[in-house]
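Asks: To start, I am sharing the structure in question, which I have written as structure tokens.
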Amino acid sequence: MAFIIYYTDTDSIFTDYDLNPEEIGSDIGLMKDELKSNLISEAYFLGIKQYGYYYYDKNTNERIEKSVFAGVIRDSLTFNEIKKIFNGKTIEKETSTRFYKSLKNLNITIKNIKISIKKNNTKLLLNNNYIPITIII
């Protein structure tokens, strides 16, 4: 039996293969069906922790968009923005609050900041951590 794995990491797998129901569940070692048996219509997998997709809910026919990009709030990128990143564009986003602490002044400053997100064409391994996207503050 042959099947395609489009993307995988430690806690995710995207494939064209229907998993055996015995392999799905909430127990440790089983796969979790986060899409509740819905099928992805279109997806972009750009690298480690860099992907986005959409599907249509089988009960409501509502279009649901999902995005995962390391360093960016989950689902905060639209599918159109993911396509733009794939095509080499830089996307600017305002992040939710970031906390900055000063031990010198004994205070914490809370700020919203703008970040730029762009596709890296190569995987960068630094101190045993992959750097999946560039974020410019």
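Asks: From (1) closer than 20 Å to Lys118 by Cβ; (2) out of contact with any Lys or Arg (no Cβ under 9 Å at 6 or more places or on another chain), pick out the condition that doesn't hold for Lys32.
Replies: Failed condition: (1).
Asks: Here's another thing I want to ask about it. Do we find a residue being β-branched (Val, Ile, Thr), touching a residue at least 24 places away in the same chain (Cβ under 8 Å) and within 25 Å of Asp16 (Cβ to Cβ) anywhere in the range 88-104?
Replies: no
Asks: Considering (1) charged (D, E, K, R); (2) exposed (fewer than 11 other Cβ atoms within 10 Å of the Cβ); (3) not in a loop (DSSP other than H, G, I, E, B), say which one Lys104 fails and leave the rest.
Replies: (3)
Asks: Right, something else. Taking the range 60-76, which residues are modelled with pLDDT under 95, of a type in the set (Val, Ile, Thr) and either surrounded by 14 or more Cβ atoms within 10 Å (Cβ to Cβ) or in a strand (DSSP E or B) (or both)?
Replies: Selection gives Val68, Val72.
Asks: Sticking with this one: Does Lys66 qualify as being in contact with a helix residue (DSSP H, G or I) (Cβ under 9 Å, 6 or more places away or on another chain) and free of Cβ contacts under 8 Å to residues at least 24 places away in the same chain?
Replies: yes
Asks: Hey, can you tell me all the residues within the range 81-101 that are outside any strand (DSSP E or B) and surrounded by 11 or more Cβ atoms within 10 Å (Cβ to Cβ)?
Replies: First pass over the range 81-101, keeping only residues outside any strand (DSSP E or B): 81-90, 95-97.
Those that are outside any strand (DSSP E or B) and surrounded by 11 or more Cβ atoms within 10 Å (Cβ to Cβ): Glu81, Ile82, Lys83, Lys84, Ile85, Phe86, Lys89, Thr90, Thr95.
Asks: Report the residue count in the range 24-34 for those that are farther than 21 Å from Tyr55 by Cα and surrounded by 11 or more Cβ atoms within 10 Å (Cβ to Cβ). Walk me through it before giving the result.
Replies: Of the range 24-34, the ones farther than 21 Å from Tyr55 by Cα are 25-30.
From what is left, the residues that are surrounded by 11 or more Cβ atoms within 10 Å (Cβ to Cβ) are 25, 30.
Counting residues in the range 24-34 that are farther than 21 Å from Tyr55 by Cα and surrounded by 11 or more Cβ atoms within 10 Å (Cβ to Cβ) gives 2.
Asks: Surrounded by 11 or more Cβ atoms within 10 Å (Cβ to Cβ) and in a loop (DSSP other than H, G, I, E, B): which single residue out of Tyr17, Tyr44, Tyr54 fits that description?
Replies: Tyr17
The values are calculated or read from the model by the stated rules, or taken from the named source; none is laboratory data. Remember, it's a predicted structure, so these values are computed and weren't measured experimentally. Quick reminder, even Gly has a Cβ in these numbers, built from the backbone with ideal geometry, and neighbours come from all protein chains shown.
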